[in-house]
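Colleague: Dropping a structure here in structure tokens format, bear with me for questions.
Any read-out appearing in this document is the output of simple, stated calculations on the displayed coordinates, not a laboratory observation. Keep in mind the model is a prediction, meaning the values are calculated, not measured. Cβ coordinates were reconstructed from backbone atoms using ideal geometry, including for glycine residues, and neighbour counts include every protein chain displayed.
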Amino acid sequence: MKKNWWKESVVYQIYPKSFNDSNGDGIGDINGIIEKLDYLKELGVNVLWISPMLESPQDDNGYDISDYRRIYKDYGTMEDYEKLLEEAHRREIKVLMDLVVNHTSDEHQWFLESKKSKDNPYRDYYIWKNPVNGKEPNNWGGVFGGSAWEYDDETQMYYLHLFSKKQPDLNWENEKVRQEVYDMMKFWCDKGIDGFRMDVISMISKDQSFPEGKVGSGLYGDFGPYCVHGPRVHEFLKEMNREVLSKYDIMTVGETSGVTIEEAQKYAGENSGELNMVFQFEHVEDASQHVEFGKWTTARYDFKAFKKTMIKWQEQLQGKAWNSLFLGNHDQPRSVSRFGNDNPAYRETSAKMLATCLHMMQGTPYVYQGEELGMTNVYFDKLEDYRDIESIQYYTELTDSGLMDPDYMMKCLMLRSRDNARTPMQWNDSEQAGFTKGQPWIKVNPNYKEINAKSQLADPDSIFHYYQKLIRIRKEKDIVVYGEFEPLYREDDQIFAYIRRLGEERLLTVCNFSEHPAEMEIPEEFTKARCLISNLERKSFEGKIVLKPYEAFVLYK
Ligand code: NOJ
């Protein structure tokens with residue numbers, strides 16, 4: 001397998017609005033990130049993916065960009081950003097920019113021009129359609145609820161927005177749009193960024209016949225089959241690669257919800273000429289696919305389905321394309337609350353267990369801010385505490401229409417809302433968890449006195465130090481990066497275990513995903529193996545053993 005720096009990296013995702021506020025306005029900022037670079041260096045990560053920091057009306061917290069070449073004023077200035085690059089590079093930390101080019105903000109200059117008249121030079125930068133029988137051009141629903149079409153009085157036509165109505169979709173069929181995007185990407189590469197995380201990049205090409213979508217349990221039709229992995233997406237990405245990516249030594253990861261193993265190889269195969277890796281979401285979307293209202297459910301994840309999916313991606317991408325490894329991000333609930341157990345009795349052990357399971361796999365691991373502390377869901381029980389557009393719009397749509405009982409929908413938000421991951425980073429036990437000296441834009445999780453970076457830095461057995469050790473093991477041992485993956489106990493409903501092999505070396509990872517003891521037998525080839533890391537005390541690592549609740553360890557030979 002070809003060796004690359006991005007295969008050997010560990011990425012840390014920063015959600016800037018909630019990371020660290022240096023000026024007391026309640027919103028995280030660039031200088032706040034710079035203040036914490038030493039913390040990140042100590043953790044051991046060597047790449048940062050920072051969610052969008054460009055000019056934006058913040059309808060979707062920056063995923064609605066109104067100027068691709070300006071820093072959002074509340075985050076700082078271009079000088080601050082340049083300083084961040086310099087300071088990160090000085091510590092041998094690379095920085096990925098979040099590239100959001102499926103859509104812009106409706107306040108972007110291109111859109112302001114585009115909506116002025118049908119013959120404006122920017123008209124075709126977006127997707128405009130005439131009404132059909134006085135209504136929307138088709139029945140597609142947007143990702144955040146409501147129709148995916150918005151009527152504009154000025155020219156009496158509809159524009160497409162797969163996300164909020166303040167996020168009109170760019171028309172990638174238009175060559176000028178693509179050139180604008182490539183020029184902008186070069187602008188940032190020339191400034192010295194080290195790569196891109198590409199927002200919903202699988203949605204940039206739309207089926208130009210715009211057919212009706214299938215209606216499920218909700219009110220609108222599904223645009224999925226016509227916009228996700230659309231007809232020209234690979235052609236566009238190959239062009240982007242030729243024009244921009246291939247000219248720089250950078251890392252690229254595409255957000256490709258709904259991607260299959262076959263599609264993933266087209267996007268990120270060793271020789272695809274498109275991207276380095278993709279995020280697949282099967283393991284975090286599994287529970288949603290079988291219930292009525294997608295992710296809005298109180299159902300707990302199904303461990304065996306989860307394990308099967310994780311194993312499938314390990315086995316089937318092996319040697320063909322490269323995995324991204326993650327259990328959480330700014331769109332997902334907190335991983336310890338979802339896949340582990342955030343009850344104080346098990347939170348620490350289960351957070352370490354999850355990290356062990358993920359970090360010893362093949363692929364590039366992503367740590368989402370606060371995950372290294374075992375931060376939990378916030379479980380807001382009042383709608384007024386929520387800030388996320390998706391949570392608020394869906395609550396209104398599903399309860400107003402009578403499709404969902406308000407109390408039940410509130411329970412769904414408490415478990416599934418994106419705001420669970422967006423509460424401020426918990427730095428210490430002072431007011432507002434040390435995130436800000438002012439009033440935070442979203443409430444701090446009340447458990448910050450028990451869960452915070454300061455106390456974990458002082459405790460050698462903390463989750464923070466456990467992550468640090470996992471990252472160090474990956475840096476020291478090629479087998480963790482390049483070793484072949486072989487699962488054990490496929491059908492077991494508590495244990496997730498696997499072997500990695502590279503030449504003569506062997507690595508065994510064992511995790512108990514349940515709060516009950518679990519019996520297993522250590523394979524003979526690991527007799528006299530050395531334990532590299534474990535989350536609980538254990539005397540013997542040989543023969544038949546009984547794992548304690550959420551126990552995890554890694555053996556090496
Ligand atoms: C995916 C991003 O991760 C999410 O936060 C955002 O709302 C949508 N794309 C739209 O940009």
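Colleague: Between beta-carbons, use under 10 Å as the cut-off and find the net charge around Leu403, counting Lys and Arg +1, Asp and Glu -1.
Modeller: The answer is -4.
Colleague: Which of the three applies to segment 327-369, rounded, prolate or oblate, going by the alpha-carbon gyration tensor with a ≥ b ≥ c and a/c under 1.5 meaning rounded?
Modeller: Here segment 327-369 falls in the oblate category.
Colleague: Spin-label point model (7 Å from Cα, Cβ direction): what's the Asp385 to Glu235 distance in nm?
Modeller: Computed distance between label sites Asp385 and Glu235 equals 5.0 nm.
Colleague: Let me ask something additional. Could you work out the local net charge near Ala88, counting Lys and Arg as +1, Asp and Glu as -1, over the other residues with Cβ closer than 12 Å to its Cβ?
Modeller: Its environment carries a net charge of 0.
Colleague: Shifting gears a bit: What is the dipole size for segment 491-557, taken about its Cα centre, with +1 at each Lys and Arg Cβ and -1 at each Asp and Glu Cβ, in debye to the nearest 20?
Modeller: About 400 debye.
Colleague: Further question on the same structure: How much length, in nm to one decimal, is gained on full extension between Ala345 and Arg530, taken as 0.36 nm per residue of separation minus their Cα-Cα distance?
Modeller: 63.8 nm
Colleague: What does the C-alpha gyration tensor say about the overall shape of segment 394-490? Classify as rounded when a/c is under 1.5, otherwise prolate if a/b is larger than b/c, or oblate.
Modeller: Taking the square roots of the gyration eigenvalues as a ≥ b ≥ c, segment 394-490 is oblate.
Colleague: Taking amide hydrogens as modeled 1.01 Å from N in the peptide plane, which residues meet the under 5 Å criterion relative to Met97, leaving out close sequence neighbours?
Modeller: Asp194, Gly195, Phe196, Arg197
Colleague: Tell me whether segment 342-451 comes out rounded, prolate or oblate; compute the Cα gyration tensor, take square roots of the eigenvalues as a ≥ b ≥ c, and use a/c under 1.5 as the rounded threshold.
Modeller: oblate
Colleague: Looking at the chain, do any whole DSSP H helices span at least 30 angstrom along their long axis by alpha carbon and average 0.0 or above on Kyte-Doolittle, and which?
Modeller: Within the chain not a single helix satisfies the rule.
Colleague: Here is a further query. Report, in debye and to the nearest 20, how large the dipole of the chain comes out about its Cα centre when Lys and Arg carry +1 and Asp and Glu carry -1 on their Cβ.
Modeller: The calculation lands at about 1460 debye.
Colleague: Now a separate question. Once each part is reduced to its C-alpha centroid, what is the distance from segment 6-26 to segment 52-129 in angstrom?
Modeller: 18 Å
Colleague: Can you order the peptides 332-342, 15-25, 71-81 by their average number of other Cβ atoms within 10 Å per residue, highest first?
Modeller: Highest mean packing first, the order is 332-342, 15-25, 71-81.
Colleague: Compute the FRET efficiency between Arg538 and Asp459 as 1/(1 + (r/R0)^6), taking r as their Cβ-Cβ distance and R0 = 22 Å, and round to the nearest 0.05.
Modeller: According to the calculation, E is roughly 0.60.
Colleague: What are the residues whose amide H is under 5 Å from the amide H of His103, where those residues sit 5 or more places off or on another chain and H is modelled from the backbone?
Modeller: Long-range HN contacts for His103: Leu170.
Colleague: For the peptides 56-66, 478-488, what is the packing order when you average, over each peptide's residues, the other Cβ atoms within 10 Å and list the highest mean first?
Modeller: Those peptides, ordered most packed to least, come out 56-66, 478-488.
Colleague: Follow-up. Mind giving me the FRET efficiency for Lys304 and Val546? R0 is 25 Å, r the Cβ-Cβ distance, nearest 0.05 is fine.
Modeller: With a Förster radius of 25 Å, E is 0.75.
Colleague: Taking the simple approach of a point 7 Å from Cα along Cα-to-Cβ for both Glu486 and Lys320, what is their distance in nm?
Modeller: It works out to 2.1 nm between the two label points.
Colleague: Kindly flag which residue pairs out of Lys382/Lys443; Lys94/Lys307; Lys94/Lys443; Lys411/Lys437; Lys307/Lys352 have an alpha-carbon separation exceeding 23 Å in this structure.
Modeller: Lys94/Lys307; Lys94/Lys443; Lys411/Lys437
Colleague: What FRET efficiency do you get for Glu86 and Glu8 if R0 is 30 Å and r is their Cβ-Cβ distance, rounded to the nearest 0.05?
Modeller: Working from the Cβ atoms, E equals 0.80.
Colleague: If you don't mind, another one. Can you show me the helix-derived [θ] at 222 nm for the chain, built from DSSP H runs with n ≥ 4 at -39,500 (n - 2.57) apiece and divided by the number of residues, rounded to the nearest 500.
Modeller: Helices in the chain give a 222 nm mean residue ellipticity of -8000 deg cm²/dmol.
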